[in-house]
Amino acid sequence: MRQDSYPIVYKWNSFVSLTLAAFLAASPLLSQGDSKAKIKALNGLAKQGRAAVPGIAAYQHDPDPTVRFAATEALIDAGGIESADALRVSSQDGAPEVQRLAVAGIVNFYVPGYVRKGIRARLNAVSDKITRSTSELVIDPWVAVRAEDRDAILAVLRQAPHRDVKLQAAEALATLRVKQALPDLYPLLQSKDDALMLAALRAIETAGDKAAAQETVFLLRDLNDRIQARAISINGLFRNEAALPDLAEVFARGRSTASKAAALEAIAMIGSPESRGLLEQNLDSREDRLRGFAAEGLGRIAAPDLRSRLESLYQAEGSPRARLGQAFALVRLGQLDSDTFSPLTYLFNMLNSAAWNDYALNYLAELCRQEPVRAALRAKIAGATRSEKIGLAKILSREGTAADRPALDALANDRDRNVAEEGIRAVRALNARLP
């Protein structure tokens, strides 16, 4: 029987206070007052910042786990690279609560607020949107994780005897995009523990190694909807053609309409010519998401003989979900004009929609791997809205080339602060990717 899955949540106030309260109730040493005095001293040291780290570290080997927990908390509060170094020591502590907080603290060095504001891996039930939720914390592409921090968390994953500590380490590795963790994540997929399996799947996805998708194929028929959805997502995102027979089986005999839709989306993302017949059959589906996925997949297959049919469908379509996929397909097939009602303009304008922004962003990012599309979108910057500029900055940070640097520089200097902040992030990401 699998253990129930649950989100890992750290609340800087609630988690720390409740855990310390449990320690206080369980430890007879506290009646002597020494531990309380030490914790009070640690609270004072934490307020002094990085300079106090050596003083805080002196408490990391205290015999009372409540003091060691408080020391870990103080190190996170003090901040700085010195704290991250000291937290590696606490990550090997014998108390599981200390280990979990230390691992989260190491991540907090790279993602400020990871502990203070809370951690929650939001792994949604099967839906027709299988791309990673933006609520799942992950480091920016230009952030390099130090080998010593990575190895400390890997050691916790490998050696920790407590399941919850392993789970914390797996979630940390997902946030930090640790590709070196893959060999240690694969066994978790066989653990029959839903939470560990979900954490491992997310870490496999964020690691970005396309070859890793094959290790998840056996989960495409998993009975847990969230696990199945994540496995479908990974095989679609990583374009794993070897998974096509299994995905086609899920679409044909899936236990829910949602899982069938997710399977067709993954098939569309792979975009293999062998799937053309299945995709064409769904161009006129009664379900708008299936119509959209079918068009999307045919666009990737690049079947020019279907352009006229897709244009007719696009003009008559009333559903934004289906129309987005059709617009994507038409741009993929070479329809690059930028007039008011063109497919490319439609995709760009949908960056203004809270409901459809993610779809438009991902479609445009893929299309922007072609310079003519990037050039057409760069030409729209002058008249773009805030949401369109922010979306374009995100897209060019992922897919831009040296030719896009002037456009990103302009966005980084935009009068709108929100646009400028995203532009600055995009410039940093582009510079990290390019020589």
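The values are calculated or read from the model by the stated rules, or taken from the named source; none is laboratory data. On a predicted model such as this, the values are computed, not experimentally measured, just so you know. Every residue, glycine among them, receives a Cβ derived from its backbone with ideal geometry; neighbour counts consider all protein chains shown.
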Could you check the range 239-271 and list, in sequence order, the residues that are under 21 Å from Glu205 (Cα atoms), in a loop (DSSP other than H, G, I, E, B) and of a type in the set (S, T, N, Q)? Asn240
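Does Arg428 fit the bill of being within 25 Å of Ile139 (Cα to Cα), among the basic types (Lys, Arg), in contact with a Phe, Trp or Tyr (Cβ under 7 Å, 6 or more places away or on another chain) and part of a helix (DSSP H, G or I)?
Against the criterion (within 25 Å of Ile139 (Cα to Cα), among the basic types (Lys, Arg), in contact with a Phe, Trp or Tyr (Cβ under 7 Å, 6 or more places away or on another chain) and part of a helix (DSSP H, G or I)), Arg428 qualifies.
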Give the residue that is farthest from Arg88 (Cα to Cα), with candidates limited to residues of the range 172-223 that are of a type in the set (D, E, K, R) and in contact with a helix residue (DSSP H, G or I) (Cβ under 6 Å, 6 or more places away or on another chain). Asp222
The condition from (1) within 21 Å of Arg300 (Cβ to Cβ); (2) more than 26 Å from the chain's Cα centre (by Cα); (3) basic (Lys, Arg) that Arg378 misses is numbered (1)
Evaluate the range 355-365: report whether one residue or more is part of a helix (DSSP H, G or I) and farther than 27 Å from Leu298 by Cα. no
Expected single match for farther than 23 Å from Glu265 by Cα and of a type in the set (Phe, Trp, Tyr) among Phe341, Phe348, Phe328 is Phe341
Keeping to the range 77-95, report how many residues are within 11 Å of Val53 (Cβ to Cβ) and assigned to a helix (DSSP H, G or I). 9
When you go through (1) at pLDDT below 95; (2) crowded, with 17+ Cβ neighbours inside 10 Å one by one for Met1, which number turns out not to apply? (2)
With (1) in a helix (DSSP H, G or I); (2) farther than 14 Å from Lys260 by Cβ; (3) among the charged types (D, E, K, R) as the list, and Arg289 as the residue in question, which single condition is left unmet? (2)
Go through (1) assigned to a helix (DSSP H, G or I); (2) assigned by TED's automatic domain parsing to the domain that holds Lys394; (3) not hydrophobic (A, V, I, L, M, F, W, C) one by one and return the number of the condition Gly299 breaks. (2)
For the range 368-403, which residues satisfy the criterion of being touching a Lys or Arg at 6+ places or on another chain (Cβ under 7 Å) and under 16 Å from Gln335 (Cβ atoms)? Cys368
Checking Glu422, Glu388 in turn, the sole residue that is over 19 Å from the mean Cα position of the chain (by Cα), outside any loop (DSSP other than H, G, I, E, B) and either surrounded by 19 or more Cβ atoms within 10 Å (Cβ to Cβ) or at pLDDT below 95 (or both) turns out to be Glu388
Of the conditions (1) of a type outside the set (S, T, N, Q); (2) loosely packed, with under 15 Cβ neighbours inside 10 Å; (3) in a helix (DSSP H, G or I); (4) at pLDDT below 95, the single one that Pro406 does not satisfy is (4)
With respect to the numbered conditions (1) modelled with pLDDT under 95; (2) in contact with a Ser or Thr (Cβ under 8 Å, 6 or more places away or on another chain), which one is the sole condition not fulfilled by Ser256? (2)
Residue under question is Gln326, and the condition is that it be surrounded by fewer than 18 Cβ atoms within 10 Å (Cβ to Cβ) and not aliphatic (A, V, I, L, M); does it hold? no
Selected residue (only one of Gln190, Gln180, Gln214 is closer than 20 Å to Glu241 by Cα, modelled with pLDDT of 95 or more and polar (S, T, N, Q)): Gln214
